[in-house]
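J.: I am attaching a structure below and will ask some questions about it afterwards.
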Amino acid sequence: MAAAMLNRLQQIARYLLPVRRILIGLAAFASLVAGIGLFAFADKDGDALLMPGLILLLWAVTGLIFVDLFAHVPHPPEPTWEPMRRRLRTLWRGLHWLLAAGFVILSLLAVDVSLHIADAWLEDRSP
């Protein structure tokens, strides 16, 4: 089951690998929008650009991290390998499990931050 989960994450990340350039472009665009909203406008006018730009930047970077981390997951160790090589491969796959757990936490934090930013943005825009 553990191997199946990492393999599934790798399949998803490899499927999304062509989207990597788009995610980089979205992150750059979101940085530009957030920067313009932060430095070019004052008060609520800038918030109209800043907050959506921050949400877009957050999710573009989160997607980029996912694709970069899980596109190349190491294969499980072969029983014919020497013991030290098997242990190193097992440790390397264990690190990917820790990264997967960290990514779940990162994604949950991104959802929470996005909801708070959207709530503040919508509250500012209401009459």
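J.: Taking N as the number of residues in region 70-111, what value does Rg over Cα atoms divided by 2.2 N^0.38 Å take? Please report the intermediate quantities before stating the final value.
T.: Values: Rg = 13.4 Å, N = 42, 2.2 N^0.38 = 9.1 Å.
Rg over 2.2 N^0.38 Å, computed on Cα atoms: 1.47.
J.: On to the next question. Roughly how compact is region 10-60, stated as its Cα Rg over 2.2 N^0.38 Å to two decimals? Mind showing how you got there, number by number?
T.: Details: Rg = 13.7 Å, N = 51, 2.2 N^0.38 = 9.8 Å.
In units of the 2.2 N^0.38 Å rule of thumb, it is 1.39.
J.: Still on this structure: Across region 2-122, what fraction of all alpha-carbon pairs, as a whole percent, falls in each successive 10 Å bin from zero upward?
T.: Each 10 Å bin holds this share of Cα pairs: 13, 32, 27, 16, 9, 3, 0.
J.: What's the carbon and sulfur percent of the chain's accessible surface, probe 1.4 angstrom, rounded to a whole number?
T.: Details: 6140 of 8690 Å².
Ligands and nucleic acids excluded, carbon and sulfur reach 71 percent.
The values are calculated or read from the model by the stated rules, or taken from the named source; none is laboratory data. These numbers come from a predicted model, not from an experiment. We work out accessible area using only protein heavy atoms, side chains counted, and drop any ligands, DNA or RNA first. Shrake-Rupley method; radii C 1.70, N 1.55, O 1.52, S 1.80 Å.
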